[in-house]
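Read the structure below first, then the notes.
The values are calculated or read from the model by the stated rules, or taken from the named source; none is laboratory data. Fair warning: this is a prediction, and the values are worked out from it, not measured in the lab. Reconstructed Cβ throughout: ideal geometry from the backbone, glycine too, with neighbour counts over all protein chains shown. The protein model used for the area step is the full one, side chains on, heavy atoms only, and it has no ligands, DNA or RNA in it. Shrake-Rupley method; radii C 1.70, N 1.55, O 1.52, S 1.80 Å.
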Amino acid sequence: MKVSREAHAKINLFLSVGDRRPDGFHDILSVMHAVSLSDTVTLEVEKAPERTISLKSDGDVPDGPSNLAWRACEAFLRKTGIDGYGIAIRLEKRIPVAGGLAGGSTDAAATLVLLNGFFGDVLSPGELLDLGGSIGSDVPFCILGGPVLARGRGEKLTPISPAGKYHFLIANGGAPVSTAEAYRALDEAADGKDSADLFPDPLIRALKDGAPIDDYLFNSFEDVIFPIHPEASRARDVICSCGGTPLLSGSGPSVFGVFDDLSLRSKAKKQLEKENYLVFECESV
Ligand code: ATP
């Protein structure tokens, strides 16, 4: 039987990175939002003499056990003890890889949700979130979607009830950024300095009221990523000059802009496409 699901990309409307913890992770304070840009995850689940997993993708991602969707599938089968099925995973990738948009995490989350649905909700919602957290920090968010306040290493989640819809443009200049390296750069830059003491409360209020969010966007990574990724700072400048409010997405290098006026968003899209960026118009979901 075949089951399929859209796996939505994530942007951080607010991302304040705190100190490095003894376990190597950083505490973060973030407001994440799912957007309509998505991959499509399809699973073909068939009875089989023994447990098998396979994966095909049309994107530049591993097609073996290191793919996060494969890891999610393995973790689900191990945790539930389900045996005697062959699972073929197919990924249609549209989310730029290593782009700060949680592309791998969202494929893993969609795989978990599809498998749990297929096998009659064997795991409770809480168990599914915990299993997601064991695969990657952003996976629990990707299971929940929507706007969410994330704390801890990103796994302590408080959903926010949104009242409005927001229009985004995401631009990716192609050069990937390793999340681990971006955190290392942040550690070096922060050496001896106090970490950002900012809170997303005004942003959360605006989301709940359906009010403009432009004044409350923040990302700790901007200071270290923009200077070394000129294509990211160029995307920021184009979005700004077309009337949008830009912000680096996650650890970059993707940059998104919030636009009220859709004709200005189209103008920014055309300009960035002319400069060979991958550009996506998308909405909050
Ligand atoms: P985040 O915003 O969560 O840090 P990202 O968007 O920057 O993530 P991903 O697209 O998730 O980065 O890719 C990060 C790494 O994970 C890449 O090196 C990629 O090869 C690997 N990877 C494994 N599985 C996947 C997948 N299904 N889709 C994308 N990347 C994957």
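From the list 115, 101, 91, which one is at pLDDT below 95 and either within 10 Å of the ligand (Cβ to nearest atom) or in the same structural domain as residue 145 (by TED's automatic domain parsing) (or both)? Result: 101 is the single residue among 115, 101, 91 that is at pLDDT below 95 and either within 10 Å of the ligand (Cβ to nearest atom) or in the same structural domain as residue 145 (by TED's automatic domain parsing) (or both).
Conditions (1) in contact (Cβ under 8 Å) with a residue 40 or more places away in the chain; (2) within 14 Å of the ligand (Cβ to nearest atom); (3) under 21 Å from residue 279 (Cβ atoms), marked per residue:
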position: 7; (1), (2), (3): yes, yes, yes
position: 10; (1), (2), (3): yes, yes, yes
position: 16; (1), (2), (3): yes, no, no
position: 20; (1), (2), (3): yes, no, no
position: 24; (1), (2), (3): no, no, no
position: 28; (1), (2), (3): yes, yes, no
position: 36; (1), (2), (3): yes, no, yes
position: 40; (1), (2), (3): yes, yes, yes
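Anything in the range 273-285 that is under 19 Å from residue 103 (Cβ atoms) and either polar (S, T, N, Q) or open to solvent by less than 50 Å² (accessible area, probe 1.4 Å) (or both)? List them, or say none. Of everything in the range 273-285, those that are under 19 Å from residue 103 (Cβ atoms) and either polar (S, T, N, Q) or open to solvent by less than 50 Å² (accessible area, probe 1.4 Å) (or both) turn out to be 277, 279, 280, 282, 283, 284.
The conditions of being buried (at least 17 other Cβ atoms within 10 Å of the Cβ) and at negative phi are met by residue 53. Within the range 76-102, if we keep just the residues that are open to solvent by less than 10 Å² (accessible area, probe 1.4 Å) and touching a helix residue (DSSP H, G or I) at 6+ places or on another chain (Cβ under 9 Å), the residue that is farthest from residue 173 (Cα to Cα) turns out to be 77. Within the range 133-151, the set of residues being open to solvent by 10 Å² or more (accessible area, probe 1.4 Å) and touching a residue at least 40 places away in the same chain (Cβ under 8 Å) comprises 134, 135, 136, 137, 138, 142, 145, 146, 149, 151. A Cβ distance below 7 Å, combined with a sequence gap of six or more or placement on separate chains, defines the contacts here; from the range 52-80, residues that are outside any strand (DSSP E or B) reach residues that are exposed (fewer than 13 other Cβ atoms within 10 Å of the Cβ) and small (Gly, Ala, Ser) in the pairs 70/64. Candidates 171, 180: the one that is surrounded by 14 or more Cβ atoms within 10 Å (Cβ to Cβ) and either in contact with a strand residue (DSSP E or B) (Cβ under 6 Å, 6 or more places away or on another chain) or part of a helix (DSSP H, G or I) (or both) is 171.
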